[in-house]
């Protein structure tokens, strides 16, 4: 009995470790995508930033203008992603007749914590 339990918990631990590694890689890729979006936004507005700076714009204001588009794109992506996750989760639960309580609030809280 002890050997069986050891074997089963080892499999679960291996699966959890693999899930953690994959999740970490995906999180790093998402962060890299957001970083590249910011770099693309700033490089595309290079002349506008230089003009604002030459005309005496405050550095903080120039930074806010440059980063606002990136933040807006991230918020739109977060909203669309959350809506897709909710729709797909409800579809999967109803498709397989699973008895799972589904609440949108924890998903929104988890998404907003990032």
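Scanning the range 65-83 finds no residues that are at pLDDT below 65 and touching a helix residue (DSSP H, G or I) at 6+ places or on another chain (Cβ under 8 Å).
With respect to residue 9, is the statement that it is surrounded by 10 or more Cβ atoms within 10 Å (Cβ to Cβ) and under 20 Å from residue 77 (Cα atoms) true?
No.
For the residues 18, 29, 55, the requirement of being out of contact with any helix residue (DSSP H, G or I) (no Cβ under 8 Å at 6 or more places or on another chain), closer than 23 Å to residue 76 by Cβ and surrounded by fewer than 11 Cβ atoms within 10 Å (Cβ to Cβ) singles out 29.
The values are calculated or read from the model by the stated rules, or taken from the named source; none is laboratory data. Note that the coordinates shown come from a computational prediction; the quantities given were computed from them, not determined experimentally. So basically every Cβ, Gly included, is an ideal-geometry build from the backbone, and we count neighbours across all protein chains shown.
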